[in-house]
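Note sheet for the following structure.
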Amino acid sequence: MTGFVITSPPKPRCNHPAGRSQVVSSGAGDARFPRASPDPRYRTSVRPIQYSWTHRHVVKRKVRPVDTNADQTPLVVELSATEFRDRLHEALSIYVAAMGYPHGTEYHRAPMWNEHLQRSGWRGVGALVPAGDGSTDNAAARLVAVAYGYRGAPEQWWHQQVRSGLRHTGWTRDQIDVILGNYFELTELHVHPDAQGHRLGETLLLRLLERRPERGVLLSTPEVADEDNRAWRLYRRLGFRDVLRHFRFAGDNRPFAVLGRGLPL
């Protein structure tokens, strides 16, 4: 099969192994993921923010206004593995702030992010706010958002977890091979709380997925009530559909959704 196609999900089984989930149908019939999406825009204005998301809920909060002049307009750029490694502390600080995790979490995540840099098909993008001195040097700019991913492969932990979840919820081997046969894994996408609310995440995602050779893209995101946060609204707006719902990865009690769509956008 050549397209990135998800057929009708199997009917949920009554008896699931502990920690597994039921599949929620994203549509009937032989449904190909939508291909249409907005044209990418690589610059976006940042204004004072009133709300931020942590992947789990929307939280009303007081934040400092962000300078809105032209010099403070974030520029979305590709980051080489070397550039990403040099900015790893900045990137992890954004991750911790966006997710609402306690300080110190970044030190536990750093080895894994470093290991991801070595994976086949790795690609990263970031949003940079130019330095206030008028410098055009990206190295002097402040990182306010980051996203990366890589080509999925059978030896990867995430791939194995999703394959197991699909198998235990009744998908056939052929269906699973179509879904997991040729995909890009969107691993991380985070915008600092002071820069949220202006579709900067969408700009990052569109840039990250440009000209990818894979048939489709997959991601996992925590479940939230009524899909009511910025992450979910972004993914739905760009045509991501259900692959697994209320799935629990080994070692994490939170329910996750696995979403996917075809490429190109």
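The values are calculated or read from the model by the stated rules, or taken from the named source; none is laboratory data. Predicted model, so just to flag it, every value in this text is computed and none were measured. With ideal geometry, Cβ positions are generated from the backbone for all residues, glycine too; neighbour counts draw on all protein chains shown.
The listed residues are Asp228, Asp252, Asp242, and the only one of them that is of a type in the set (D, E, K, R), farther than 30 Å from Ser80 by Cα and modelled with pLDDT under 95 turns out to be Asp252.
Does Val258 fit the bill of being over 25 Å from Val125 (Cβ atoms), touching a strand residue (DSSP E or B) at 6+ places or on another chain (Cβ under 8 Å) and crowded, with 16+ Cβ neighbours inside 10 Å? Before the answer, list the steps.
Details: over 25 Å from Val125 (Cβ atoms): no; touching a strand residue (DSSP E or B) at 6+ places or on another chain (Cβ under 8 Å): yes; crowded, with 16+ Cβ neighbours inside 10 Å: yes.
Spelling it out, it is not the case that Val258 is over 25 Å from Val125 (Cβ atoms), touching a strand residue (DSSP E or B) at 6+ places or on another chain (Cβ under 8 Å) and crowded, with 16+ Cβ neighbours inside 10 Å.
Filtered by the rule that a residue be part of a helix (DSSP H, G or I) and over 17 Å from Val162 (Cβ atoms), the range 209-265 gives Leu209, Ala225, Asp226, Glu227, Arg230, Ala231, Trp232, Arg233, Leu234, Arg236, Arg237.
Could you go through the range 178-198 and let me know if any residue there is hydroxyl-bearing (Ser, Thr, Tyr), at negative phi and without any contact (Cβ under 8 Å) to a residue 24 or more places away in the chain. No, because not a single residue in the range 178-198 is hydroxyl-bearing (Ser, Thr, Tyr), at negative phi and without any contact (Cβ under 8 Å) to a residue 24 or more places away in the chain. Considering the conditions (1) buried (at least 16 other Cβ atoms within 10 Å of the Cβ); (2) more than 25 Å from Ala81 (Cα to Cα); (3) not charged (D, E, K, R), Thr187 is excluded by exactly one of them, (2). Scanning the range 242-265 for residues that are acidic (Asp, Glu) and touching a residue at least 40 places away in the same chain (Cβ under 8 Å) returns a single hit, Asp242.
For Asp137, the conditions (1) modelled with pLDDT under 95; (2) farther than 23 Å from Arg207 by Cα; (3) of a type outside the set (A, V, I, L, M, F, W, C) are fulfilled apart from (2). Only one entry of Leu209, Leu234 meets the criterion of being surrounded by fewer than 21 Cβ atoms within 10 Å (Cβ to Cβ), within 17 Å of the chain's Cα centre (by Cα) and not aromatic (Phe, Trp, Tyr), and that entry is Leu234.
Would you say Arg142 is out of contact with any Asp or Glu (no Cβ under 9 Å at 6 or more places or on another chain) and basic (Lys, Arg)?
Details: out of contact with any Asp or Glu (no Cβ under 9 Å at 6 or more places or on another chain): no; basic (Lys, Arg): yes.
Criteria not met by Arg142.
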